[in-house]
Amino acid sequence: MKKEGLARWIVILLVLAAVGVPLVGWWLSKDLAATLELHARMPENGGWSVNTIQAKVGQPIHLRLTSDDVVHGFAVGRSDHPALDILPGEFTDTTLTFDQPGKYTFYCSRWCGANHWRMRGTIEVTGEGDPIPPDPQPLFLKLGIDIDAPQTAEVTPGMTASAGRGALFASQLPAYALEKDIYLSNSPAKVWLRLRAETFLSSLSDDDVWDAVAWIWQQHATPEALKSGQELYATNCAACHGESGKGDGVMVRGLPVWDPSLHTSGDVTHQPTGEGLVSPPDFTDPKVLLGVSPALLEGKIIRGGMGTGMPYWGPIFTSEQIQAVISYLYTFSFHSQEQPRGPSN
Amino acid sequence: MTRLDLTRSPRALALLRSRWPQFLLRAITLAGFVFTILSGLMGSVVGSHNFAIIFVWIAWWTTLKLVFIPFGGRSWCSICPIPLPGEWLQNGGILQPRGGTGFGLGKRWPRFLKGSWMQAGGFLLIGLFGAMTLTSAKITAIVLLFILILALALSLVFERRSFCNYLCPIGGFTGLYAQAGPVELRVKDVDICAAHSEKTCYTACPWGQYPLALKSSANCGLCMECLRVCPSDNIAVNLRPWGSDLGPKTKHRLDEAFLGLVMLASALVDSAVFLGPWGQLKSAAYAIGSPAWFLFSGSFLLTALGILPGLYLGAAWAANRLGTTHVNLRQSLAHYSQVLVPLGLMAWIAFTISFAFVKFGYVLPAVSDPLGWGWNLIGLSKTAGVGEATSFSLNLQVAILMVGLYWSSRVACRISETIRQAAPLIAFSGLFTLAMLWLLVG
């Protein structure tokens, strides 16, 4: 009977060990209370496990990030914190510290699925210090631009305009052509019309004026901004708008093309369009970008597209980043380098 | 036939006769089972980082099909933890033979529920909900816990291992293919048993088998209880040629044919779902309760209960017509079910190889970080690397399917009077092998 007792003890001890390992591990991990475990899941599976993170100015927050389904990313809007990849079942540790009280947005930075852009959460930072200054009123609101109304360029060049060629006419341009406000509040087509109407430029051909407009637009974009804009575009925009700007990104393949008649914001009663997502416009079509002003593009980026599925980026991008993206966007319509004159493409 | 009796070696006999080596293995598998349930319930929802998924569906399920069954028949059953709590209660102790005073009503299993019908049904259920169970650690854990409790409850009401004998889908699977396995338990000298009136071996057998009457290894769980209680040391544990239970003389029942067909259908459907190029089929299998899933279930059941049985019925009927002595169809279906054994076993091995090479890289990291909580117990958590499907693996799968076709054809010839009579069964095997080849190798 002694052996029977021993056998029973062995069973009990082994089963206790089997139960004990996870329980003790779970208990020990509770000690890491200062660490917040944040699970990323596709919005269909529940999104971020924590939607609002509370933090104090100057006090580090330790995060343990993991994904419960596919590869996600973790990034904090308007901060220098580099974006992190979150792999399924693996843990990534990171520490965040905030100097200024205010609301920050954290978001998924990997295209995880059709609802990827819904993966956003808030970090509420309280405590001493100057709060983040509120954003100035965006220009599109000051100018009263209806950013949802269909915009089409009144005129388009016969061939892709080139800033390189336009530089030849720089000395002939009026002073207002280089004013920041003119650039911000006018579409390239509008500026072209205004310049075309100037009698002292009558010696220039229509395409020459377009080249001049391309050159003006180039003057408002630094190479650094273009590079930063390209990176931001590739990371955040290309999923829908496509690497080449054609509106053929991986997320929107098979979606219906946007129908301007669906735009109803001018109506008294707003009919919810609500038909779901539509395909983004083709930026390489000159009618699209040459008809919109930087102010309008800024509005679209800050607020998102109404009824199109375009998310809002206001809490994520800084003003500089938005301007950089806008500068980059126009390169889909203009050649930035000198282009030899050739047949229209 | 040549046999190598392991009990002739005093050392092997001592190992088999002592309850301790087996008990220690059982205690470890029981603790592992409990740990698996807990990690499934508490651990990471990411399957590849959860011990429950990796150990049940990669490590154990693969080892069962590639090692335990082909080299040891029902050897897994001898250390399976599921019936243990109930059996120890029935026997009134861990190291006690059956027949002592223990807990339980000891009722006989209802006659109409006998046979492997319900095991086959259970296997179909696994297939229908497989995509979900195979990927969700929590559901795996709940199923395991349910099985553990069910086995315990049944052993308190019914005698012996009722769960293993009549319900366990894996028991059905293992039992069917153990007939092709190279291990058997038989009596040494028939006359000694005949003269022994107490039948201590039958009393002790948790499986309800009488060793003297054993003609097939399908229902012997290799627990060695008979060997331990035999007063005349008359039990042999033989190593034997593969497929020894398959031949003209062995008896087979209709439920074996059904079990064999369900296993064939499951191998086909699993290959199609997990290895086939049809994303929609895979999503349908996952979307339990959706119209697509009902379509998937319908096609699965049609394959398992309609198409394959229909083809097999036709083959068995034709084979029966081509013979000189005609038996009734029912007997014929049971008789030819032996052909399904090597065919199915090799198909399952080929299917297993297709993913085992690729997925085994997950096993060590799952030991290092069993719950997927970011632990690193043996320093291997980060090494998870998905292997590649090599041409070696593909060639091996083709070779194994060919062995299965050759083997089942040989069995068909052995149990038929003429090759002409075996032809319909060979055609059936060929058709099935072609389907597997198409799904596995494409």
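The values are calculated or read from the model by the stated rules, or taken from the named source; none is laboratory data. Predicted model, so just to flag it, every value in this text is computed and none were measured. So basically every Cβ, Gly included, is an ideal-geometry build from the backbone, and we count neighbours across all protein chains shown.
Every test in (1) surrounded by fewer than 14 Cβ atoms within 10 Å (Cβ to Cβ); (2) under 23 Å from the mean Cα position of the chain (by Cα) is passed by A:Gly47 save one, and that test is (1).
For first residues located in the range B:93-104 and under 17 Å from B:Glu225 (Cα atoms) and within 7 Å of chain A (Cβ to nearest Cβ), partners that are of a type in the set (Asp, Glu) and surrounded by fewer than 18 Cβ atoms within 10 Å (Cβ to Cβ) and lie 6+ apart or on another chain with Cβ distances below 7 Å form the pairs B:Gly93/A:Glu4; B:Ile94/A:Glu4; B:Leu95/A:Glu4.
Note on the range B:21-47: residues that are of a type in the set (Phe, Trp, Tyr) and more than 7 Å from every other protein chain (Cβ to nearest Cβ) total 1. Scanning the range B:225-237 for residues that are surrounded by fewer than 21 Cβ atoms within 10 Å (Cβ to Cβ) and in contact with a Ser or Thr (Cβ under 9 Å, 6 or more places away or on another chain) returns B:Arg228, B:Val229, B:Cys230, B:Pro231, B:Asp233, B:Ala236, B:Val237. When you look at A:Val57, is it over 30 Å from B:Phe51 (Cβ atoms), within 24 Å of the chain's Cα centre (by Cα) and either at pLDDT below 90 or not assigned by TED's automatic domain parsing to the domain that holds A:Thr235 (or both), yes or no? So A:Val57 fails the test. Does B:His335 satisfy being more than 14 Å from chain A (Cβ to nearest Cβ), out of contact with any Leu (no Cβ under 7 Å at 6 or more places or on another chain), over 30 Å from B:Phe55 (Cβ atoms) and modelled with pLDDT under 90? Against the criterion (more than 14 Å from chain A (Cβ to nearest Cβ), out of contact with any Leu (no Cβ under 7 Å at 6 or more places or on another chain), over 30 Å from B:Phe55 (Cβ atoms) and modelled with pLDDT under 90), B:His335 does not qualify. The residue of the range B:48-92 that is nearest to A:Pro88 (Cα to Cα), among those that are within 14 Å of another protein chain (Cβ to nearest Cβ) and free of Cβ contacts under 8 Å to residues at least 40 places away in the same chain, is B:Trp88.
Residues that are part of a helix (DSSP H, G or I) and within 10 Å of another protein chain (Cβ to nearest Cβ) were ranked within the range A:29-52; the one that is farthest from B:Leu25 (Cα to Cα) is A:Asn45.
Say we look at the range B:396-442 and pick out the residues that are of a type in the set (Phe, Trp, Tyr) and either buried (at least 23 other Cβ atoms within 10 Å of the Cβ) or at pLDDT below 95 (or both); which of these is farthest from B:Trp348 (Cα to Cα)? Among them, the one singled out is B:Phe428.
When B:Leu439, B:Leu396, B:Leu371, B:Leu340 are screened for being of a type in the set (A, V, I, L, M) and within 14 Å of chain A (Cβ to nearest Cβ), only B:Leu371 passes. Of the residues making up the range A:39-54, those that are at negative phi and either of a type in the set (Gly, Ala, Ser) or not assigned by TED's automatic domain parsing to the domain that holds A:Pro101 (or both) are A:Ala40, A:Ser49. Considering each residue of the range B:121-131 in turn, at least one proves to be in a loop (DSSP other than H, G, I, E, B), of a type outside the set (Gly, Ala, Ser) and surrounded by fewer than 21 Cβ atoms within 10 Å (Cβ to Cβ). How many residues does the range B:287-321 hold that are buried (at least 19 other Cβ atoms within 10 Å of the Cβ) and over 23 Å from the mean Cα position of the chain (by Cα)? So the answer is 6. Within this structure, A:Gly158 fails the test of being surrounded by fewer than 17 Cβ atoms within 10 Å (Cβ to Cβ), without any contact (Cβ under 8 Å) to a residue 12 or more places away in the chain and assigned by TED's automatic domain parsing to the domain that holds A:His241.
Within the range B:233-255, is there a residue that is more than 25 Å from the chain's Cα centre (by Cα) and closer than 30 Å to B:Thr303 by Cα? Looking for residues that are more than 25 Å from the chain's Cα centre (by Cα) and closer than 30 Å to B:Thr303 by Cα, one finds none in the range B:233-255, hence no. Being under 25 Å from B:Leu95 (Cβ atoms) and assigned to a loop (DSSP other than H, G, I, E, B) is the filter here; which residues of the range B:189-213 pass it? Within the range B:189-213, B:His196, B:Glu198, B:Lys199, B:Cys205, B:Pro206, B:Trp207, B:Gly208, B:Gln209, B:Tyr210 meet the criteria. Take B:Arg26 and tell me if it is modelled with pLDDT of 95 or more and either among the aromatic types (Phe, Trp, Tyr) or under 21 Å from B:Trp88 (Cα atoms) (or both). Against the criterion (modelled with pLDDT of 95 or more and either among the aromatic types (Phe, Trp, Tyr) or under 21 Å from B:Trp88 (Cα atoms) (or both)), B:Arg26 qualifies.
Could you tell me which of the residues A:Ala163, A:Ala83, A:Ala170, A:Ala177 is among the small types (Gly, Ala, Ser) and within 30 Å of A:Leu255 (Cβ to Cβ)? After applying the criteria, what remains is A:Ala83.
For the range A:53-87, a tally of residues being more than 14 Å from every other protein chain (Cβ to nearest Cβ), part of a loop (DSSP other than H, G, I, E, B) and closer than 16 Å to A:His39 by Cα returns 1.
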